[in-house]
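Here the structure is laid out as structure tokens; the discussion comes afterwards.
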Amino acid sequence: MSRIALPAGLPVLPPRDPHSHKGTFGRALLVGGSVGMPGSISLSGRACLKGGAGLVTLAVPDAIINTVATFDAAYMTWPLPTDRSGHLPLHAKAKLSAKLEQADCLAVGPGLGQSRGLFFLVNDLASNFPRPMVIDADGLNLIAQRPDMTQPFTAPRVLTPHLGEFRRLVGKPQLTMEEATGSAIEFADKLQCVLVLKGSQTLVTDGTQQWNNPTGNPGLATGGSGDVLTGLITAMLAQQLNVYDAAVLAVFLHGLAADIAVKQTSQPGLTASDLLDFLEDALCEYAEARDAKSS
């Protein structure tokens, strides 16, 4: 018997067909990393695997690819050029294009850093990638530099800011969390995207629907936990949930994993790497409750 009750409105990830194969659960591509920052994109890649994506590829600067590859043997790595500052240059797009064509979904941002070339690269991807895309971390900071932040996206997008990143997106550095909640709904509606405003009871909204997450605890206030969430949302997109449902379910499972984790670790001692270890428990509890509810 499951130990949790699923809240009303939580999306359903269908049970797996016995005849399915790795291609059934999608090809996820994650772009990020820079010299000195290989961990963020690796956490996202591992979370994407743990979340159930069939094939996961991490596209990273060639200067860090060997380090990234050592974090997990189950994801693939794709080397992109590294500029003199240790970041991806704009011309990395040429080598990235072959992987973009194969990808069912895309995530951009973890550990990426910021540069002029990245500004153009990330904004080109945000504008032109035709399938679902998650934008996080430095990806958010780079699109926040666009001169017009009112132009709607033309393809499904999930943006995952914490309060500081959301302030930069809307150009209001003094915005409180209470004020941000109202602004987030308006922002998502205007840009035709899903916005995940991270914090206590993380808000997910597409401008019409809203979800306040009931799971999670202050143990998530640690470096890398957002990278895990990015990978988990990407995994749900790879399994063909729509962008709103993918964000809601990933946020719920991410918080549930933290709630399970702190029973064995502690809130102060919880790390993003620990969180990965408890994603499977969260998915098992979710699946048991889902199956019990449907029987």
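A short reminder: the numbers here are calculations on the coordinates, not readings from a lab. As the structure is a prediction and not an experimental result, all values here were calculated from the model. Here the Cβ positions follow ideal geometry from the backbone for every residue, glycine too, while neighbour counts run over all protein chains shown.
Table for the structure above
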| item | result |
| --- | --- |
| Dipole axis of the chain (+1 Lys, Arg; -1 Asp, Glu on Cβ), positive-most option in 260, 182, 219 | 182 |
| Cα-based radius of gyration of the stretch 22-294 once divided by 2.2 N^0.38 Å, which approximates compact folds | 0.93 |
| Unsatisfied cross-links (Cα-Cα over 26 Å) in the set 172/198; 95/190; 93/172; 50/263 | 95/190; 93/172 |
| Pairwise label distance in nanometres, residue 4 with residue 242, each label 7 Å out on the Cα-Cβ vector | 2.3 nm |
| Cβ crowding within 10 Å averaged over residues, with 197-208, 37-48, 83-94, 165-176 ranked highest first | 37-48, 197-208, 83-94, 165-176 |
| Inter-label distance, nm, simple model (7 Å from Cα along the C-beta direction), residue 209/residue 84 | 4.9 nm |
| FRET efficiency, 1/(1 + (r/R0)^6) with R0 22 Å, evaluated for residue 155 and residue 189 via beta carbons | 0.85 |
